[in-house]
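The values are calculated or read from the model by the stated rules, or taken from the named source; none is laboratory data. Note that the coordinates shown come from a computational prediction; the quantities given were computed from them, not determined experimentally. Cβ atoms come from the backbone with ideal geometry, glycine included; neighbour counts cover every protein chain shown. Heads up: the accessible areas ignore ligands, DNA and RNA and are worked out on the full protein's heavy atoms, side chains in. Shrake-Rupley method; radii C 1.70, N 1.55, O 1.52, S 1.80 Å.
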Amino acid sequence: MLSLDLSFYNWELFTNYILKGMLFSVQLTVIATVGGIVFGTFLALMRLSGRPSLVYPATIYVNTMRSIPLVMVILWFFLLIPMLIGRPIGADLSATITFIAFEGAFFSEIVRAGIQSVPKGQGYAAEALGMTYGQNMRFIVLPQAFRNMVPVFMTQTIILFQDTSLVYAIGAYDLLKGFEIAGKNYGRPMETYLLAAFTYFIICFSLSKIVRAVHSKVAIIR
C-alpha cells in the first residue's frame, strides 16, 4: 500500500516554495493573454485584409505555430534568441516572449471568428455612412466581436495557465517548479505532486465556473 505523509502541508510550505511560483505563473498568464490578444488581433486583421502581402505571412505564421508543440517552441526561443542577440535573456523573459508569440496564433483565430460573426450588413451600413475600414473596425465590428469572444478568451486563458507548467523545461520558477523543489526538500515528491495536481484543478475548475457565468450573461445580452 502507498503510504502518504501529509503532515508537512502547512503555511510555511506555501510561503517558502509555492507562492513565488504561483505569482510567476499568474503573471505569465496575464501578460501572455494581453499580449496574445493584441498580437492575435493584428494577425486576424491581416488575414481578413484581403491583401496577399498581409494574408499569406499571417496565415503561414498562424498555421505553423498551431502545428508545433508548445514545449518545442519554448525550447527553441530559449536556445535560439541568445544565439541571435549574443547574450542570454533568462528563462522568465524567454518564457514571456514565447507565450505571447505562441498564444497570438490561437487568439488570432478566435478574433477572426469573432469578427466574422458580426453581421456583414453592419459593415455595409458603416461604409454607407462614409466610415473608413479602420473606423468601421474600431467603432462597429471589433466592440461587438470582442463582447462575443469574452467567454472564448477566458477559456483559452485557462488553457494558457495550464500550459505555463511547460516552462519547467527551461528551468523557470513556476507553480509546478515550486512544488517540485518542495518535494525534494521535504523528501515527499509524491505528496507534493498530488498537491500540485489538486491546486491546478481547484484554480482551473473555479475559473471554468466563472466562464460559464460570463457565457450565460453574454448570451442574454445577445
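Any idea which of S108, S94 is touching a helix residue (DSSP H, G or I) at 6+ places or on another chain (Cβ under 6 Å) and farther than 13 Å from L45 by Cα?
On the way: S108 fails: farther than 13 Å from L45 by Cα.
Selected residue: S94, the only one of S108, S94 that is touching a helix residue (DSSP H, G or I) at 6+ places or on another chain (Cβ under 6 Å) and farther than 13 Å from L45 by Cα.
Considering each residue of the range 195-222, count those that are at pLDDT below 90, open to solvent by 80 Å² or more (accessible area, probe 1.4 Å) and within 24 Å of the chain's Cα centre (by Cα), and give that number.
3
Restricting attention to the range 77-107, and to residues there that are open to solvent by 60 Å² or more (accessible area, probe 1.4 Å) and in contact (Cβ under 8 Å) with a residue 12 or more places away in the chain, which single residue is nearest to M149 (Cα to Cα)? First the steps, then the outcome.
As a first pass, look at the range 77-107 and keep what is open to solvent by 60 Å² or more (accessible area, probe 1.4 Å): 78-80, 83-88, 92-93, 97.
Okay, now just the ones that are also in contact (Cβ under 8 Å) with a residue 12 or more places away in the chain, so 78, 92, 97.
On the way: F78: 31, D92: 29, I97: 24 Å.
Only one residue fits best here, namely I97.
What's the total number of residues in the range 111-126 that are touching a helix residue (DSSP H, G or I) at 6+ places or on another chain (Cβ under 7 Å), assigned to a helix (DSSP H, G or I) and surrounded by 14 or more Cβ atoms within 10 Å (Cβ to Cβ)? I'd like the intermediate steps shown before the answer.
At the first step, the residues of the range 111-126 found to be touching a helix residue (DSSP H, G or I) at 6+ places or on another chain (Cβ under 7 Å) are 111-112, 114-115, 117-118, 122-123, 126.
Filter again for assigned to a helix (DSSP H, G or I), leaving 111-112, 114-115, 117, 122-123, 126.
Add one more test, that the residue is surrounded by 14 or more Cβ atoms within 10 Å (Cβ to Cβ), and what stays is 111-112, 114-115, 123, 126.
Summing the residues that are touching a helix residue (DSSP H, G or I) at 6+ places or on another chain (Cβ under 7 Å), assigned to a helix (DSSP H, G or I) and surrounded by 14 or more Cβ atoms within 10 Å (Cβ to Cβ) in the range 111-126 gives 6.
Among (1) modelled with pLDDT of 90 or more; (2) farther than 27 Å from A213 by Cα; (3) part of a helix (DSSP H, G or I), where does N136 come up short?
Condition not satisfied by N136: (1).
Please tell me if F106 is part of a helix (DSSP H, G or I), modelled with pLDDT of 90 or more and either under 30 Å from A172 (Cβ atoms) or not basic (K, R) (or both). So that I can check it myself, show each step before the final result.
Details: part of a helix (DSSP H, G or I): yes; modelled with pLDDT of 90 or more: yes; either under 30 Å from A172 (Cβ atoms) or not basic (K, R) (or both): yes.
Yes, satisfied.
Out of the range 156-165, which residues are surrounded by fewer than 17 Cβ atoms within 10 Å (Cβ to Cβ) and either touching a Gly at 6+ places or on another chain (Cβ under 9 Å) or polar (S, T, N, Q) (or both)?
Residues of the range 156-165 surrounded by fewer than 17 Cβ atoms within 10 Å (Cβ to Cβ): 159, 162.
Scanning the range 156-165 gives a single hit, Q162.
Looking at the range 166-194 only, could you name the residues that are open to solvent by 30 Å² or more (accessible area, probe 1.4 Å) and of a type in the set (G, A, S)? Even if it seems obvious, please write down each step before you answer.
First, pick out the residues of the range 166-194 that are open to solvent by 30 Å² or more (accessible area, probe 1.4 Å): 166, 168-169, 171, 173, 176-177, 181, 184-190, 193-194.
Residues satisfying the conditions are A169, G171, G187.
Residues are listed down the side, and each one gets a yes or a no for (1) modelled with pLDDT of 95 or more; (2) under 24 Å from T64 (Cα atoms); (3) surrounded by fewer than 19 Cβ atoms within 10 Å (Cβ to Cβ):
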{"residue": "L2", "(1), (2), (3)": "no, no, yes"}
{"residue": "L6", "(1), (2), (3)": "no, no, yes"}
{"residue": "Y9", "(1), (2), (3)": "no, no, yes"}
{"residue": "F14", "(1), (2), (3)": "no, no, yes"}
{"residue": "G21", "(1), (2), (3)": "no, no, no"}
{"residue": "T29", "(1), (2), (3)": "yes, yes, no"}
{"residue": "T33", "(1), (2), (3)": "yes, yes, no"}
{"residue": "T41", "(1), (2), (3)": "no, yes, no"}
{"residue": "M46", "(1), (2), (3)": "no, yes, no"}
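Kindly provide the set of residues from the range 49-70 that are assigned to a helix (DSSP H, G or I), of a type in the set (A, V, I, L, M, F, W, C) and open to solvent by less than 50 Å² (accessible area, probe 1.4 Å), ordered by number.
At the first step, the residues of the range 49-70 found to be assigned to a helix (DSSP H, G or I) are 52-67, 70.
Remaining after also requiring of a type in the set (A, V, I, L, M, F, W, C): 54-55, 58, 60, 62, 65, 70.
Hits for the range 49-70 are V55, A58, V62, M65, L70.
I'm told V141 meets every condition in (1) touching a residue at least 24 places away in the same chain (Cβ under 8 Å); (2) within 30 Å of L13 (Cβ to Cβ); (3) among the hydrophobic types (A, V, I, L, M, F, W, C) except one. Can you identify the failing condition by its number?
Every condition holds for V141 apart from (2).
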